[in-house]
Structure formats: structure tokens, C-alpha cells
1. What strands (runs of 3 or more DSSP E) completely inside region D:111-202 contain at least 1 residues that are within 19 Å of the chain's Cα centre (by Cα), more than 19 Å from residue D:374 (Cβ to Cβ) and not assigned by TED's automatic domain parsing to the domain that holds residue D:41?
2. Give just the number: which of (1) crowded, with 24+ Cβ neighbours inside 10 Å; (2) under 17 Å from the mean Cα position of the chain (by Cα) does residue C:10 not satisfy?
3. Does region A:238-248 include one or more residues that are at the interface with another protein chain (Cβ under 10 Å from one of its Cβ atoms) and out of contact with any helix residue (DSSP H, G or I) (no Cβ under 7 Å at 6 or more places or on another chain)?
4. For region C:143-164, enumerate the residues that are in contact (Cβ under 8 Å) with a residue 40 or more places away in the chain and closer than 30 Å to residue C:193 by Cβ.
5. Residues to consider are A:247, A:291, A:254, A:300; find the one that is modelled with pLDDT under 90, in a helix (DSSP H, G or I) and buried (at least 24 other Cβ atoms within 10 Å of the Cβ).
6. Go through region D:352-367 and give me each residue that's surrounded by fewer than 19 Cβ atoms within 10 Å (Cβ to Cβ) and under 17 Å from residue D:38 (Cα atoms).
7. What do you reckon, is residue C:261 at the interface with chain D (Cβ under 9 Å from one of its Cβ atoms), assigned to a helix (DSSP H, G or I) and surrounded by fewer than 20 Cβ atoms within 10 Å (Cβ to Cβ)?
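The values are calculated or read from the model by the stated rules, or taken from the named source; none is laboratory data. This structure is a prediction, so every number in the text was calculated from the model and none was measured. Backbone-built Cβ (ideal geometry, glycine too); neighbour counts: all protein chains shown.
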């Protein structure tokens, strides 16, 4: 087993092979609608959403070291923005997607004062912010729905399953691509420095607040965009299903499960959790949530660096 | 020579404890100022105050004619003050080169050079070119200290403050790092040099400042200051001072 | 005017139980420097065990409450020893996610044992059901619970002040490094702290189930409530948590009285504001330890 | 009709596939070759709705047992097969599972899930495939507007109509109630319920002194009851919320000695947990219910509702709530419409849709089945009941046809009872 992993590791470490593998798997995935059943297509779309969300969270939570527990709020905001723009404003879908990202990014700016907190306090402040914002969205007549009692929005059918498959895959690739590009600029080094030691980072001239803000807005815009794509995909959205705290927790769990602070981590985590979720656990019936909890505990207690660390030295 | 840094009546209180009290001193352009004092004298706090890590409770700090008290550490760094840390502050998970590169990347005035060129020059200056690719946890103490100096240098600072940069080094290593510092000073960069090792201080300092209990005890020519009774009392106890 | 007085009285009565549930949270945050997402599990399981012992086996409620509280103490020690101890030096995020996992598992086990629904326990208390002060009616049972909470707080303060054990815990709270330098067994103090946390939170649960229906899924509310109390009152201090509990009780009651539908927004916005303005809490100890 | 919590909802995983051994999809369309009728559903089997989901699942199962595992499809006998997944009350998961039921499992008849969000999500998928679903869990008018009639048929009456009979009945009491306070949970179903109650009350000249809208995860009802107490004379307190809200409301009324002439506990007072918790305090409390074993409905297999209830009790060892009768009725209706093969494949969605829409008071233990053009069942008023006696028992008060007792009105003060 370990020999197999070792040989796999050497394979993966060769850059050219790595690129070829990546391109091949991307083509295979992109051709999915031609050989997948509708069910598996839908499953994969959810996997794309999950990976994109976890990757975005990873920028602020994993790379900059600020564990946001309120990140689901940007997803919800993107979904609501898209729904409101389309239903109330008749805005075309592509613009609504941009709108979702823009609104989420703008709201992220409001979170900047919270960066005075660290660790637990930052986590719980952002969690509190999520609950507070969710309550406002839920109760404000402009956002809660078209009619006075409505709690949520219905969108028109905007495309087939295949359309959403390619749309989310495209957004996912764009999301991860933009993260890789961003991390190759000095932003990446700044965030890593901030994560390791903020005092030192500041002392070598990094304006920490500005870079944390950049990272946070960046990691909020993508969930906003994904939320905006999610709304017409699900057709009916409500605060219960797009502002749910489980969305935030999923981002975190997937990132940790795969390997926090790495690019590949959320991808591995998203795929692996979905596979475990849908295949093996189908046989565990009512104990699946229990097993799920046990697995979280096990990974954190024994492999805090995540599954990705198995493939490293 | 004109003063590049002037500290005037600066105080800092932590809760009920007065770590620094009414401290005034100045540093001339181009000099190496030695700063000594027993444990708890407030040397590191002075560094933290100047570099903006903590904000003074009262007083003024003027660098290059501009008030810098209350400014953020990154603003002060950009203004031209860099420092090293007492305990190794290298960013783990990064190579030696990356640690230096962070500083050159965020340097405002690059003088027409690229960040890579600045990094390479700083590494060369500190004799680190050969080990630039090493991870920080694989470096020896001496190498770690030099990376810290190289990083401070790479920020383009006109004033570098080193905090116990020779602590824990053997004689050869100490000489090496003192040579590097003197080389940096010859480029016109002012240094504040905090050290426990009095011999090292005496060797490089142009002028000496002695702190005790958060306040200024003595100031002046190293040879003179070191013989002052007050300083000896603080360092060695009153018995030695009286005996002289 | 009497409206405000009533809100203050009922808010304070509710606050006592919030405080009781938060003492342990406050201690753990002060001593170990961690936020335990599974904290509410102590309260909920304490409540359900008390219910089982009383309603199903027929044990006297006082004894049942003590057994429940004690078993939560054991659970606290267990969680510390087996889980938290492994990771607590890592990033706070890991503790949050790990204890979240513990909460999921505990809730699932509780649902297997008690089902997903709510249980409650009615206590027949001799004497009048209501006390009257002017035109204000106060349920006698609420006052009993208020007094028990105060006694529980008092006992905890005495343990902290008078016993060597309490002194060791306080030493760790004030400065872990110096405590270990003077020979305090820090690992043991952590275990004891989690044990105390479990006992007092479990006792809170035993009281809660006599006030309102309680189900396994409610643990998360109790964790959040405890955090709010500690943010208001300041961590690490028992008296701070007590006053924090009263204030939170009043804020909570007033929010649900005046603007019920916006209450969560008001409460959480207050929390954020407090964290920004006075992170050490209104009555916190001088220092704040941040991980 | 759902209670919802803010409790962290756990991630969902595939639930149980129940029923017979797995079936290989049959390629040929000919009716004569159909050996199995495959029913598919998702339910929130784990999480806060676990209990009510169990009732649904048991009721589906009871139907299967009742028909002996076989139904007639266009005159041919076919085995009944069920696939039920756990959607944990999550819209996204429900959508995914519905896609699976339709495209992979190839079910013939889709049975609705429970809860407005999930029913809407399921409807969106079914609509895409031009399939129909029949559901018993979402009383909100939003379902009718979006997917009613063409995609979804709903067996539960609109929540708007829940309070009508109860308020008509209370308005006739002596002394006549003049004021009412309403507790509304902030969700479309309960808002519609409350709007109905307000309109009905105003029709009778009853003044609404307070309409308190509460967040779905409200933990403490004392602030609300204190507000009712301070609102002055309140003759009726009307709870539109679920069983737990009813319990807390009554506990707080006892605690603060709030004594209106009547308290209406809502549509779930007959859930066993209410009586288990409140015991004697439940005496004099009014309730409404969509279904009772006392009702005089029948179907092919059960001569009356009591017989159905007895069979359910005997099989699963607990008394059925209205959910049981409603859930049982869903496969029963499908069974009725697929029996006839005269117009082609009776399992074709178009044929099923046409036949279900055309049902004209089909007899069932859930009552006569007839849908309006939005796919919503047409129901008579929701019966009114009161808990009476020191070991409280349900007494039906309205409509007259079902009544088996008289009101105890006004309610005596809580602290003046023995």
C-alpha cells in the first residue's frame, strides 16, 4: 500500500506528467454529460459547487489563517441577489451572476472590522454575523420574497442539466484558476506570511489589513458567484437552504478533510467526501450521520493536515 | 550629523506595569547605536514602540522629520525602519530565499531593480546564496540570524534595529555577523544594536545607550559609558561599582 | 415602567440558568484557551439523563440531577483526555471542527437513545405556584431554580478560592507558563477543568428540563448562549459569568419582547459590537488571552 | 407543517432503500409485461423531522401490507416495490434524489416529501421530466402557485382554511369572545394560517389585539406570553405553530397565570408528545385536526377510520396522527388510477395526471378525494376539538356531524383548578 502511494507520489511529482494527467482528467470531466446519467450529472454539479466553495473558503481560512465561520452568508447572498435581480429586475442571467459576486464582495468589506479578532473570536464573530445577516434577509420584505408571506424565491428554468454542468464546471475552473494566479502574485506570499506570523509580516512592510481584506473579499466573491449560479439550478431557493449554517461547515470540512491551505486539498476533499457520502454510506442507513461525525473526529485527531498529507512526505 | 530618529519622553504602560518611562534619546544618521541593559530593562519594548508593534502611551517618536508614533508596523517599515526579532521569527514552511523575498516584494523604493535582484543581493551580502533554497527549519542558528538581517536589509530600510542578533552564536559566527552589520552600515544605513554580549557591543557601536527599568541610565561614548559606576552597578551589582 | 421591571425580573430569572450553563464554558476558555463547540451537549445530555432517571426509573430528582451532573463531569474528562488533548495546541479551527464532530456524534447517540423529539419533566413543588410582588406574578419554581443557580455559583467560587485544586486552576488561568514552572501539573488541571465544566453544565441541564422541553438537537443553542454570556461577562471569572448571564437574560428577553422577529439579529449584532468594543467582556479580567 | 430548527442540520447521505429485492428495469413498453409498480419517495428520515417521517413511512408500508404487496395495473397484477431515500429536509438533496428516482431508479409513481422547501425542489425536477408527484406535506399556497395541478397534487388542505371552523365555532360561545391574540411562526405556512385566522376573526367582529410573529427557532415563549398578558383582556389565544410551540405556550400561560376564555393549541395538539408533556394542564385546551379516527370515512379495505387506526396501532404500536391517514391515501389514489388500462399505459404521466385531476370524491380513509385546478385537495372545514377531563381526552365539537360532546367554555383560571 505504502509502496503504491510512494510510486504514485513520484509520478505526481513529475511536472509534465502532472500537467498531462490534469488535462486528461479535465477533458474526461468536461465530457461528462455524454456518458453520465442525469443523476450522476447532478451529483457532480453539487461536487463542483462544493469544491469551488471550499477552495474559496480556503483562501481566507486556510492560506491566510482566518477561519471564517460565516462564509455561507456570501453564498446565500449570491443566490438571493441573482434571484431578486432576475425576478424583480428581469436582469439577464450572466449579469445576475456577476451581480451575485459583486454584492457578496461588497458585503465582505463590511466584515473588515472583524479582522481585529483572531482565532476563536474571529470564527465566532463571523458566525454571529452570518446569523444576524440571515435574520435580516429572512425578515426584510424586499428580500424575503415576492409576496408578503413568501419565504424565498422561485426562478424560471434557465437551462438544461447539461448547461448547468458546464456552467458550474467552467466557474469551478475559473475559481481555482484565479486562486492559483492570485497566489502566484505577491498576494500569495503576503497571505502565507500573515498566516505564519502577523507581527513579522507587518514588520517587513506588508500592510496586513489590506491583504486580509483582499483575501476575504476574494474568498467571498466566488461563493457569491457560485450562489448566483446555484439559485436557478435549484429553481426554488429559501433562506433555509442557501443561508444554512451547514453550507459554511461543509466548506470548512471539505477543506480540512482534503488538506487545509493547499490548492489540491479542497478538490480531494470534495471528491472524497462525495464518494464516501454516496457510495459506501448508502449501506449504513440511519447511522450515516454518526459515522460522518466519527470521521471528522478521526481526521482531526489523527491527520489534522488532511488526506492530502498522505501523498506528501 | 543630523538625527535620523528622535525619541522624546516616550512611555508605555501595560496594565499597571510601566515598561518604559519618559525615555528620550536620538540616533544620528549613519551611526551604530549600541543599546544595552539588564533583563527587563525595556529594550525589546523600545524596539516594539519604534517599529509600531505596540503604541506608546505618551511621547513622540520622530523618524526622518516625521512623527511615526501610532503608525502601523507596515507603514513604519515602508517609511524606512526595519528590525529583527529576539527569538527567531522566520516564517516557517518557507525557504530562506522566500523569507527575504517577502521583504523585497513589498519594498516601495526598488531603485530600478527587480525584487528578485534585491533578494539575491541581500542573500549574497549575508553569505546565504548557497543555502537560499533551504527550508527555515533546516537552517542553523547562525544562518537563521543572517536570514533575519538579510530580510531587514531587503526592506530597503535606512534604519535597522537588531535584537540580540549574536545571542547563542560562537566566536566565528559572531564575527561573521558583525562584519555583515558593519558592511551594511558602510552603505549609509543606521543601526540600533541591542545585545547582551557587551564585547560585541563595544566592538561595533559608535555610541552607547544604557537602559534600566524602562528609563535611560547613561548615554555616550562606549568606552566612557561602560566605565560609569551606575552602569556597572546595574550590571554587576553595587559591590563591584563601589569597589572601584 | 412596570413593564420594564417585569422584563428585568424575568430576564434575570432566565439569566441565572444561562449563567449556570456558561460557568464551565468560561473556565475552559480561560484555562485551556479553547471554545468547545460540544459544550451544549453537556447541558442537553444532563437534561435527558435526569429525565430518564426520574421519569423512567423513578429516582428522586435531586439524586437524579446529581448523577446526571456527575456523569457529564466524566464525559468532560473523557472528551478532554481522548480528543481535545491531541489537538489543542494546533490552530483553533481544528478544535472548533473537532468539537463540532464530537457534538454531531453525541447528538446522534442521544437521538438513538432518546429519539429526536423533546422531553420535559414537571416538578411538583410544595407551596404556592406563584409569588406576587405588587401586580407581578413570579412562578415559585423559577425562583427555586434561580436560588439553586446562585448556590451552584457560590460552591464553584468556594472551590476555586479555597481548595488547592481551585488554586491550581486559577494559576493556569492567569498564566499557564508560570503555573507549570512552579510545578502545577497542567495536563491534570485541564482534565479537572473539563470535568468541572461538565458537572456544572450538566446540572444546568437537569434544571432546564424542568423549565422547558429539551431535545438532543438543542445543544447548539446552548453553546451559542454560553458564548454570548461569556462575551458579555468576560471569560474565566465565575462572577463575570453570573453577571453576564443576568445581562444576557435581560437582553434576550427584551429582544424577544419588543422585536421578536428581529431578535436573533439584535442579539448577534450586540455580540459582534461587544467583541469589537470590549473583547475582554464587560467584567473580564484585565488580560485577554487570544489564540 | 413543519417545525424547523436552527440546529446544525447534518449533511445528508443516501438513505434507505426499502422494499423488495432490486429490480432490473424493463425495456419493453407493453403493458402486459409490467410485473412491478415502483413507488419512489424521499423523506426527512433523520434530523428534527424524524418522528413525523416515521409516520409517513409506516403508513406507506401499511398500504403495501393492506394490498398484499400487489396491485392491478391495467388489469394485470403487479408487485409493489418502494424506494425511499432520506433527504434530511434539504432542498438540494431532495432535488438530487428525485433526479435519481426518475433517471436511475426509474420509478413509476413519485410520492412527495415533507416540507415546503423540499416539495418545491422535488417539483422542479419532476416538472422538468413532465412527471407528476403527489404529496402530503406542504400546506403553503406557494406550492399551488408554482407546481400545483400540472406537476403536483396535494392531499393536505391549504393552511389558510385551517382556522375557519374553529373561529366560527368559538364566535358562537357565550359570553362571546371579543378579542384574540395570535402567535404566528414566521414561515409561509404559518403566516397563511394566521392570515386566515385574522380574516375569520374579523368576520365575526373579534378584534385582533396582538399578532406576534416569531422566528422559527424561538426557544422561549415567556416574552410572548408576557406581552399577551400586558395586552389587556384577551379572550382567545390562537397558536398557529406546531406542537412544541403549543406546549411552551400553555406552560408559560400557567407560569404567568394568563387566563383567556379559550386557548387554541393549533393543528398538532393531538400529537402524543403534547399530552405526555402537559398532562392535566391540557384540559380545556382547544385544538383542530385534519383527521380523527372518529371520522366516518372509509375505503376499499377499511370500513371506517377507526378500523384503519386500530390496524395501524396494532401494526406499529402507536396511535396514528393525521399524517398516517394522509400518507396512506397517496398510494391508495395511485392504485385507483392505474387500475384501468383502457387508454394506453396507465403508468404514463399524462394519463395519471388526467385521471387524478378528474377524481370526483373518491372514497378514502382520508376523506373524499377531489382536487381543484391547482392540484389542491378540496376539503371540508378542519374539525374542532377540545381536551376534556383531568386525564384529558379529545372531544370533537365541530362540525356537528362529528361532534361528540359540548364545550367547556370559558376556561377556568389555571390557579383555580383542583
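1. Here the list reads D:179-185.
2. (2)
3. Checking region A:238-248: at least one residue is at the interface with another protein chain (Cβ under 10 Å from one of its Cβ atoms) and out of contact with any helix residue (DSSP H, G or I) (no Cβ under 7 Å at 6 or more places or on another chain).
4. Result: C:145, C:146, C:148, C:149, C:150, C:152, C:153, C:156, C:157, C:160.
5. Criteria check complete, one pass: A:300.
6. Scanning region D:352-367 gives no hits.
7. Answer is yes for this residue.
Residue-by-condition table, conditions (1) out of contact with any strand residue (DSSP E or B) (no Cβ under 6 Å at 6 or more places or on another chain); (2) in a loop (DSSP other than H, G, I, E, B); (3) touching a residue at least 40 places away in the same chain (Cβ under 8 Å):
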position: D:329; (1), (2), (3): yes, no, yes
position: D:352; (1), (2), (3): yes, no, yes
position: D:360; (1), (2), (3): yes, yes, no
position: D:367; (1), (2), (3): yes, yes, yes
position: D:373; (1), (2), (3): yes, yes, yes
position: D:385; (1), (2), (3): no, no, yes
position: D:394; (1), (2), (3): no, no, yes
position: D:400; (1), (2), (3): yes, yes, no
